[in-house]
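The values are calculated or read from the model by the stated rules, or taken from the named source; none is laboratory data. Here the structure is a predicted model, which means the values were calculated and not measured. Cβ placement follows ideal geometry from the backbone for every residue including glycine, while neighbour counts extend to all protein chains displayed.
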Amino acid sequence: MIFVTVGTHEQAFNRLIEYLDKLKENKIIDEEIIIQTGYSTYEPKCCKWQKLFPYKEMEQNVTNARIVITHGGPASFIMPLQIGKIPIVVPRQYQFGEHVNNHQVEFVEAVNKRMNNIIPVFDIDDLENTLLSYDKIVGTMNNESQSNNIVFNEMLEKIVEDLFI
């Protein structure tokens with residue numbers, strides 16, 4: 001199962017949801033896809049979805065998922081890391097009206113550069129190949145931070161501080 005969360009930001013993230021729905025519709029992805037759509041206006045036709053999930057249900061979906069896809073909000077991709085999953089992170093982008101600026105792009109770039117424990121996808125057209133190559137990509141990743149949450153959280157905190165200084 002693939003679990004997707006776009007967070008709770010009030011701007012839609014239709015670009016990601018529509019893309020995944022098309023992958024499912026065209027049978028490029030055979031496994032079940034469950035999407036937390038938040039305030040997006042697009043309603044998937046081929047994927048299971050719900051606007052918002054209670055925290056425990058989100059946690060259960062992340063635990064049960066083979067692949068987790070999140071937006072670029074730290075809370076969304078930290079949960080999979082804490083559970084031992086390497087998430088695919090698709091940051092919301094200003095140019096598509098998905099956020100007020102490009103801070104998610106900048107944050108995801110910084111985390112990826114320093115930690116190498118997320119799989120960033122900045123161009124939605126790269127998502128299909130990333131999904132199909134997920135296991136191979138994960139095999140090259142840094143897994144150290146998964147087993148040491150305290151160190152990871154300290155490093156993540158420094159990245160956030162550096163972005164705002």
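A few points about this structure:
- Some residue of segment 43-63 being closer than 22 Å to ARG92 by Cβ, among the β-branched types (Val, Ile, Thr) and touching a strand residue (DSSP E or B) at 6+ places or on another chain (Cβ under 9 Å): yes
- Taking the listed residues LEU81, LEU23, the one that is over 16 Å from the mean Cα position of the chain (by Cα) and buried (at least 16 other Cβ atoms within 10 Å of the Cβ) is LEU23, with no other qualifying.
- Scanning segment 127-150 for residues that are at pLDDT below 70 and surrounded by 11 or more Cβ atoms within 10 Å (Cβ to Cβ) gives ASN142, ASN143, GLU144, SER145, GLN146, ASN148, ASN149.
- For beta carbons closer than 7 Å, sequence separation of 6+ or different chains, a first residue in segment 151-163 that is at negative phi and in a helix (DSSP H, G or I) and a second that is of a type in the set (Phe, Trp, Tyr) and surrounded by 14 or more Cβ atoms within 10 Å (Cβ to Cβ), the qualifying pairs are LEU163/PHE107.
- Taking residues in segment 92-103 that are loosely packed, with under 14 Cβ neighbours inside 10 Å, and partners anywhere that are assigned to a helix (DSSP H, G or I), the pairs with Cβ atoms closer than 8 Å and at least 6 places apart or on different chains are VAL100/TYR94; ASN101/TYR94.
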